[in-house]
Amino acid sequence: MVGDQGRPVPEKVVMIRYGELFLKSDPVKYHFIGILLRNIRQALGAAGHSCRFESPRGRIFIYGEKPDEIAGIVSRVFGVVGVSVCTRVAADPDALRDAAVLLAAEHLHPPCRFAVRGKRQSKTGMNSQQLGEYVGSAIYDAIPGLSVDLSHPEYELFVEVRDCGGLVYDSRIPGPGGLPWGSQGKVLCLLSSGIDSPVASWLAMKRGCEVSHLHMDGGRWAGGDVKTTAIENLRRLSLWCPGSEMQMIVADTEPFYDRMQELRIPPRLRCVLCKRFMLRAAGRLCGREDAQAILTGENIGQVASQTLANLAVISDATTVPVLRPLITYDKEETITLARKIGTFMDKPGDLACRAVPRMPATAATQDAVKESEEKLAIDELLDEVLARVQYVTAQNGKIT
């Protein structure tokens with residue numbers, strides 16, 4: 001928007017920063033930025049926002065009627081490193097100074113300590129330090145009683161001179177970072193009612209994977225809240241890909257547990273057999289779902305089935321690659337991340353597994369496991385289970 005004297009009229013704009021996308025080769029970078037723009041448009045469209053976009057070098061600018069609301073939505077889009085609501089003005093020091101003084105006057109009161117951070121994209125005119133000093137001096141003169149503190153300010157204001165104009169802002173909303181959703185293909189995540197698998201799903205989403213989910217419903221062998229909590233995990237995860245549908249396949253695995261009981265399969269092998277059955281099912285479904293890998297929330301030594309010896313035996317059940325993002329995480333690290341992303345539940349209910357033996361094997365052998373699987377007629381059982389799966393879909397934090 002241009003004023004009477006040919007200078008841009010100050011206007012609000014949402015500025016998006018992206019991180020490692022900028023390090024890619026030009027063809028890859030532009031491809032990824034295109035996917036990121038698609039995801040941002042989809043997220044804002046789902047919330048009813050009609051916006052205009054610009055994507056000059058290193059930034060994305062969004063113009064819309066509710067910039068603060070837009071910023072909040074976009075801050076949850078993978079690939080976005082940070083978001084700021086800015087005042088956009090002409091790319092000259094005086095315009096930046098005037099806009100900065102107005103913004104600072106809304107928030108700064110004596111004896112507050114403040115700092116101005118300047119940044120220039122071009123190499124002409126004032127350098128970044130000089131620009132910060134110039135604007136900071138104007139604020140200091142306009143609001144008596146302030147003090148400058150560049151190391152530990154109570155208030156920070158940012159001014160940027162870019163090829164596309166000048167920007168003034170005083171907040172940075174962190175984004176999740178990573179790569180844009182859908183830029184790295186599709187994976188199928190074994191999603192349970194627990195803490196770990198939703199975090200593993202989120203981490204894969206952050207690396208650009210489109211994630212579908214598979215929940216193995218144990219029926220009467222599982223606690224009364226297991227299935228509903230798994231669906232709640234799906235609902236919460238869908239908030240991180242706004243505008244996109246997120247699907248979960250639910251497979252009834254009660255016949256598997258029943259058959260282990262009927263045939264008196266050694267209880268100590270149940271956990272390993274169960275995990276192998278899950279991977280077998282996921283491997284089959286990857287073909288249906290066009291997924292390139294299986295994703296789990298396993299980590300080393302957390303439970304008996306996750307010793308290195310057992311993980312090796314379990315992984316042998318499928319030829320599809322198995323990704324384990326949490327393989328080295330401590331439980332507290334996983335819980336901290338679950339709280340941050342909103343999948344942690346303080347009172348999840350009855351999540352018991354009634355098939356867990358008192359003394360599970362920590363180093364099951366391939367021979368013992370395969371002997372039990374032959375007895376179970378595992379391929380026939382798998383056909384039976386996968387013939388009657390159900391689908392649950394979540395979108396924008398709602399089960400549809």
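Taken together, the values in this text are just the output of simple stated rules run on the coordinates, not laboratory data. Owing to the predicted nature of the structure, the values given are computational and were not obtained by experimental measurement. Glycine also receives a Cβ, built like all others from the backbone with ideal geometry; neighbour counts cover every protein chain displayed.
Structure values in brief
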| read-out | value |
| --- | --- |
| 5 angstrom amide H check on E11, placed H, neighbours 5+ away | R88 |
| Modelled FRET efficiency - R0 35 Å, Q130 with K186, Cβ distances, 0.05 increments | 0.10 |
| Compactness relative to 2.2 N^0.38 Å, alpha carbon Rg of the stretch 11-174 | 1.09 |
| Partner lysines for K123 [C-alpha distance under 25 Å; skip if fewer than 8 residues away on the same chain] | K24, K29 |
| Full-stretch length increase - R354, K375 - with 0.36 nm per residue and alpha-carbon distance subtracted | 5.4 nm |
| Cα pair distances in the stretch 223-367, grouped into 5 Å bins until the bin that holds the longest one, percent each | 2, 8, 14, 18, 23, 20, 10, 3, 1, 0 |
| Over the chain: helical MRE at 222 nm, DSSP H runs n ≥ 4 each giving -39500 (n - 2.57), nearest 500 | -12000 deg cm²/dmol |
| Cα-projected label distance for T228 with S50, points at 7 Å along beta-carbon direction, nm | 4.2 |
| DSSP-assigned coil residues among trypsin sites (Lys or Arg not before Pro) in the stretch 22-117, each with at most 13 further Cβ atoms within 10 Å | R57 |
| Within the stretch 40-147, GluC sites (Glu not before Pro) in DSSP loop having at most 11 other beta-carbon neighbours inside 10 Å | E65 |
| Most fluctuating residue given options S305, S372, S25, as computed from a GNM of the chain linking Cα atoms under 10 Å | S25 |
| Candidates L308, L23, L279: whichever shows maximal mean-square fluctuation once the chain is modelled as a Gaussian network with Cα springs under 10 Å | L23 |
| From phi via Karplus (6.51, -1.76, 1.60), per-residue ³J(HN,Hα) for the stretch 299-304 in Hz, x at Gly/Pro | 9, 5, x, 5, 9, 4 |
| Residue-span extension gain [A142 to H31] - 0.36 nm each, minus C-alpha spacing | 35.4 nm |
| Ranking of C164, C274 by count of other Cβ atoms within 10 Å, fewest first | C164, C274 |
| Compactness of the chain, expressed as Rg and Dmax over alpha-carbon positions, Å | 26.8, 88 |
| Helix axis angle, 331-341 relative to the chain longest principal axis, alpha carbon, degrees | 50 |
| Karplus-derived 3J(HN,Hα), 6.51/-1.76/1.60, for each residue of the stretch 358-375, Hz, glycine and proline x | 5, 9, x, 5, 9, 8, 5, 9, 4, 4, 5, 5, 5, 4, 5, 5, 5, 5 |
| Under 5 Å, built H, 5+ apart or other chain: amide partners of A291 | none |
| Cα principal axis extents for the stretch 99-191, largest first, Å | 60, 35, 23 |
| Sequence-distant lysines (8 or more away, or on other chains) whose Cα lies within less than 22 Å of K340 | K206, K331, K398 |
| Where trypsin sites (Lys or Arg not before Pro) fall in DSSP loop in the stretch 265-370, at most 14 other Cβ within 10 Å | R354, R358 |
| Enclosed volume per residue, in Å³, of the convex hull spanned by Cα atoms of the stretch 92-247 | 173 |
| Dipole moment magnitude, nearest 20 debye, the stretch 55-120 about Cα centre, only Lys, Arg, Asp, Glu C-beta charged | 400 |
| Nearest-0.05 FRET efficiency for E20 and R264, computed from C-beta distance (R0 56 Å) | 0.55 |
| Within straight-line cross-link reach of K375, lysines at Cα separation under 29 Å, skipping those fewer than 8 residues along the same chain | K227, K275 |
| At R0 = 45 Å, FRET efficiency that the Cβ-Cβ distance of D163 and I300 yields, to 0.05 | 0.35 |
| Residue-count net charge about A46 - beta-carbon cut-off 14 Å; Lys, Arg +1, Asp, Glu -1 | +2 |
